[in-house]
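These notes concern the structure reproduced below.
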Amino acid sequence: QLQASGGGLVQAGGSLRLSCAASGRTFRRYTMAWFRQAPGKEREFIARHDWRGSTYYADSVKGRFAISRDNAKYTVYLQMNSLKPEDTASYYCAAQYIGRNSYGYWGQGTLVTVSS
């Protein structure tokens, strides 16, 4: 199970840090990712931190967002800086087990609203 938290209302230019807590001691074997979905839009990939430690970002957030993980705490984070109104969306964390080609576990989403 994945439990996302940390969303809220922030002014443009501000920062937020999202957290996603996972259950299970096999956390380190998962690639963890963040997605977001704005009203009326499709869900989009934001960032991922694979089980080997490599990170990848969507161009829209590169240089502003940073994904990290703490395997001891079974938690993945998304530090969001220089937020823009277009970052407003529900943010979801997801987990993909080693060798699988899809994200099998999803969090419930946490809402981020950026005011101009």
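The values are calculated or read from the model by the stated rules, or taken from the named source; none is laboratory data. Just so you know, these numbers come straight off a predicted model, no measurement behind them. Reconstructed Cβ throughout: ideal geometry from the backbone, glycine too, with neighbour counts over all protein chains shown. Heads up: the accessible areas ignore ligands, DNA and RNA and are worked out on the full protein's heavy atoms, side chains in. Shrake-Rupley method; radii C 1.70, N 1.55, O 1.52, S 1.80 Å.
Overview of values
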item	result
Conditions (1) of a type outside the set (Asp, Glu); (2) in contact (Cβ under 8 Å) with a residue 60 or more places away in the chain; (3) surrounded by fewer than 20 Cβ atoms within 10 Å (Cβ to Cβ): number failed by residue 78	(3)
Criterion violated by residue 61 - all others in (1) open to solvent by less than 20 Å² (accessible area, probe 1.4 Å); (2) under 18 Å from residue 5 (Cβ atoms); (3) without any contact (Cβ under 8 Å) to a residue 60 or more places away in the chain satisfied	(2)
Matching entry among 47, 72, 95 (being over 13 Å from residue 112 (Cβ atoms), open to solvent by 10 Å² or more (accessible area, probe 1.4 Å) and of a type in the set (A, V, I, L, M))	72
